[in-house]
Ligand SMILES: O=S(=O)(CCO)c1ccc(-c2ccc(C3CCCC3)c([C@@H]3C[C@@H]3c3ccccn3)c2)cc1
């Protein structure tokens, strides 16, 4: 991947998003807008050219799965349609490396806005986490809009959104007694999901804010439940 023309951008944005995800929600005007057990969802109200682009930051703690497993299922095109219910079509239009793909997705239309599509690179990597006392690695998936002359935006019926998304996961293990193998009961995964989606064309602010408020909690709950269910009978992927 390192010789691909997009690599410098992929590397820079992935690391920027990792730092951004690890910033707390104490500063920066984040407002808590949804809570469900361990899941806390924050947003900032922002508009660009009159369009709602409210950044979102969700923090969650999931027991019984590792950060590697969370990122594996989030990244994998093979299972995307099993959990991503707001997408109508998904295509991998370029394979930059086994951990870096370019996706084209057509999203389900949200009335009265016109249908959207998204074209983005998706990169997964493990980041050694030196400054955390538990010393557990961090896994990240970063999705960021990109252009491709073969798939021009706003040509057909869809308005092209622009997005930057990251899923940052850190695994914590309660070590069982000496010599006792680790089970899923000893594992906890701390997740930070960040996203900024620019709708790409005008849509009523009230409608978009209602969509964001409804869809994001559903989205994260569904995804994490899917990973727990997929992993429960499988060997642990550390
Ligand atoms: O995490 S991902 O990378 C997973 C890969 O699929 C991702 C998540 C969400 C989106 C997304 C795309 C379009 C829209 C809107 C904008 C105007 C009309 C459609 C939204 C709005 C935020 C709301 C939303 C949130 C969650 C799920 C669906 N809808 C979100 C794209 C990628």
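Derivation of every value follows stated rules applied to the coordinates shown; laboratory data play no part. Computed from a prediction, not measured in an experiment: that's the story for all the values here. No Cβ is skipped: glycine too gets one built from the backbone with ideal geometry, and neighbour counts run over all protein chains shown.
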Cα gyration tensor, the range 1-145 - rounded (a/c under 1.5), prolate or oblate: rounded
221, 157, 177 arranged by Cβ crowding within 10 Å, fewest neighbours leading: 177, 157, 221
On Cα atoms only, tilt of 7-22 relative to the major axis of the chain in degrees: 70 degrees
Residue order, fewest to most beta carbons within 10 Å, for 237, 41: 237, 41
Length released on extending from residue 115 to residue 85, taking residue separation times 0.36 nm less the Cα-Cα span: 9.3 nm
Equivalent ellipsoid semi-axes, the range 140-212, via Cα gyration tensor eigenvalues times 5, rooted, Å: 41, 16, 8
Which of 36, 78 has the fewest Cβ neighbours within 10 Å, and the rest in rising order: 78, 36
The range 1-84, relative contact order [Cα under 8 Å, separation at least 6], %: 15 percent
Principal axis dimensions, largest first and in whole angstrom, of the range 101-238 by Cα: 61, 31, 29
Global form of the range 1-67, assessed from the alpha-carbon gyration tensor, a/c cut-off 1.5: oblate
Cα→Cβ-extended label distance, 7 Å offset, between residue 93 and residue 11, nm: 2.5 nm
Calculated log₁₀ intensity ratio I(q)/I(0) where the Debye formula runs over C-alpha points of the range 173-238, q = 0.20 Å⁻¹: -0.92
Tensor-based shape of the range 48-96 (alpha-carbon gyration tensor, a/c under 1.5 rounded, otherwise prolate or oblate): oblate
